[in-house]
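Asker: Sharing a structure, written as structure tokens. Questions coming.
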Amino acid sequence: MNKKCKIGFIGCGKMAGAIIKGTISSKFVPKEDIKGSEVNCEIAESAQKRLGIEVLTDNKFLTIDSDVIFIATKPNYVGEVLEEIKDELTPEKLVVSIAAGVSTSKIENIIGRNRVIRVMPNTPALVLEGMSGVCKGTFATDEDVQFVMEMLSNIGKCIEVSEDQIDIVTAISGSGPAFFYKVIEDMARAGEKLGLEYDKSLLLATQTALGSAKMITNRGETSVQTLIDNVATKGGCTFVGISVMNDENSDKLFYDVIDETAKKAHELGK
């Protein structure tokens, strides 16, 4: 793949929109080389105004006119869309699916020996702080993976994983934003119950989460446990709080959260 290719998005919802906007703002490819497709005329017109790209109403024509085709529909429509465009897919074209729970093998069973990349993005891509997991299908190349990862780096960060690891990615980063929202909300409500206004408590929890994440990102060789120990001085108030977390087995709680979520993701992908 190269940056002179044309990229088409079948489905122009929020996640596809985030990728499109990040790709345009980074000048990864020229804006005129990105197109979208929505079968409903009104939705297509709305998406065209919102994204500033040409949005067609013909998935087949979009496929013919694109070198990279993103499947960005709801998971239950993926099979129908692939059946529609499979005759227009040539070996030179790359199919990238961001549909949750749809394996590369399922896609390949419909479209045959074509190159497929599967991506599990997350909603913070909407603020260019996304986290994506990328895995390649049977016929995709390392160059295909590199192209997609470079493209996705414009909306956050990404890692390559194997297909059997993608459900873990779904649990940690795909579903993870909701888990962090829950933690931040619970901390804010605790502050409110103790006598602090909710808005102030929420700001404290939110900014602290943001700062803490940046501390981990910039930690260098320092372990996360060392960062914890640096704040939780023995005998201090933070130490007491960490002790409560340990007594309540917070590590088991989050293991169970991730484990059950990953199991559900695997179940949906069958």
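Asker: Report the residue count in segment 136-157 for those that are outside any helix (DSSP H, G or I) and not aromatic (Phe, Trp, Tyr).
Answerer: Within segment 136-157, residues that are outside any helix (DSSP H, G or I) and not aromatic (Phe, Trp, Tyr) number 7.
Asker: Moving on to the next point. Do we have Ala262 as closer than 30 Å to Ser103 by Cβ, part of a helix (DSSP H, G or I) and touching a residue at least 12 places away in the same chain (Cβ under 8 Å) here?
Answerer: yes
Asker: A follow-up question, please. Determine whether segment 226-247 contains at least one residue that is free of Cβ contacts under 8 Å to residues at least 12 places away in the same chain, out of contact with any strand residue (DSSP E or B) (no Cβ under 7 Å at 6 or more places or on another chain), under 27 Å from Cys158 (Cα atoms) and not in a loop (DSSP other than H, G, I, E, B).
Answerer: yes
Asker: Which ones in segment 253-270 are surrounded by 12 or more Cβ atoms within 10 Å (Cβ to Cβ) and of a type in the set (A, V, I, L, M, F, W, C)?
Answerer: Answer for segment 253-270, where residues must be surrounded by 12 or more Cβ atoms within 10 Å (Cβ to Cβ) and of a type in the set (A, V, I, L, M, F, W, C): Phe254, Val257, Ile258, Ala262, Ala265, Leu268.
Asker: Follow-up. Residue under question is Phe61, and the condition is that it be closer than 15 Å to Lys6 by Cβ and in a helix (DSSP H, G or I); does it hold?
Answerer: Judged against the criteria, Phe61 is a match.
Asker: Specify the residue that is surrounded by the most Cβ atoms within 10 Å (Cβ to Cβ); the eligible residues are those in segment 25-40 that are assigned to a helix (DSSP H, G or I) and among the acidic types (Asp, Glu). Talk me through it step by step, then tell me what you get.
Answerer: Narrowing segment 25-40 to residues assigned to a helix (DSSP H, G or I): 25, 31-33.
Then keep just the ones that are among the acidic types (Asp, Glu); that gives 32-33.
On the way: Glu32: 9, Asp33: 19.
Only one residue fits best here, namely Asp33.
Asker: Follow-up. Does any residue of segment 244-252 turn out to be closer than 29 Å to Gly101 by Cα and either of a type outside the set (Lys, Arg) or surrounded by 15 or more Cβ atoms within 10 Å (Cβ to Cβ) (or both)?
Answerer: Residues of segment 244-252 closer than 29 Å to Gly101 by Cα: 250-252.
Checking which are either of a type outside the set (Lys, Arg) or surrounded by 15 or more Cβ atoms within 10 Å (Cβ to Cβ) (or both) leaves us with 250-251.
Scanning segment 244-252, I find at least one residue that is closer than 29 Å to Gly101 by Cα and either of a type outside the set (Lys, Arg) or surrounded by 15 or more Cβ atoms within 10 Å (Cβ to Cβ) (or both), so the answer is yes.
Table: residues versus (1) buried (at least 17 other Cβ atoms within 10 Å of the Cβ); (2) within 23 Å of Gly156 (Cβ to Cβ).
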| site | (1), (2) |
| --- | --- |
| Lys4 | no, no |
| Glu42 | no, no |
| Glu45 | no, no |
| Ile71 | yes, yes |
| Pro75 | no, yes |
| Lys93 | yes, no |
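Asker: What residue, among those in segment 73-94 that are part of a loop (DSSP other than H, G, I, E, B) and of a type in the set (Val, Ile, Thr), is nearest to Met149 (Cα to Cα)?
Answerer: Taking the candidates together, the pick is Thr73.
Asker: Among the residues of segment 95-103, are any touching a Pro at 6+ places or on another chain (Cβ under 7 Å) and either of a type in the set (Lys, Arg) or part of a helix (DSSP H, G or I) (or both)?
Answerer: Looking for residues that are touching a Pro at 6+ places or on another chain (Cβ under 7 Å) and either of a type in the set (Lys, Arg) or part of a helix (DSSP H, G or I) (or both), one finds none in segment 95-103, hence no.
Asker: Can we say Phe70 is in a helix (DSSP H, G or I), assigned by TED's automatic domain parsing to the domain that holds Lys157 and under 25 Å from Glu108 (Cα atoms)?
Answerer: no
Asker: I need the full set of residues from segment 146-188 which are surrounded by fewer than 17 Cβ atoms within 10 Å (Cβ to Cβ), among the small types (Gly, Ala, Ser) and within 18 Å of Val257 (Cβ to Cβ), in order please.
Answerer: Within segment 146-188, just Ala178 meets the criteria.
Asker: When you look at Met131, is it over 30 Å from Asp256 (Cβ atoms) and not charged (D, E, K, R), yes or no?
Answerer: Working: over 30 Å from Asp256 (Cβ atoms): no; not charged (D, E, K, R): yes.
So Met131 fails the test.
The values are calculated or read from the model by the stated rules, or taken from the named source; none is laboratory data. Since the model is a prediction, treat every value here as computed from it, not as a measurement. Heads up, the Cβs are rebuilt from the backbone with ideal geometry, glycines too, and the neighbour counts pull from every protein chain shown.
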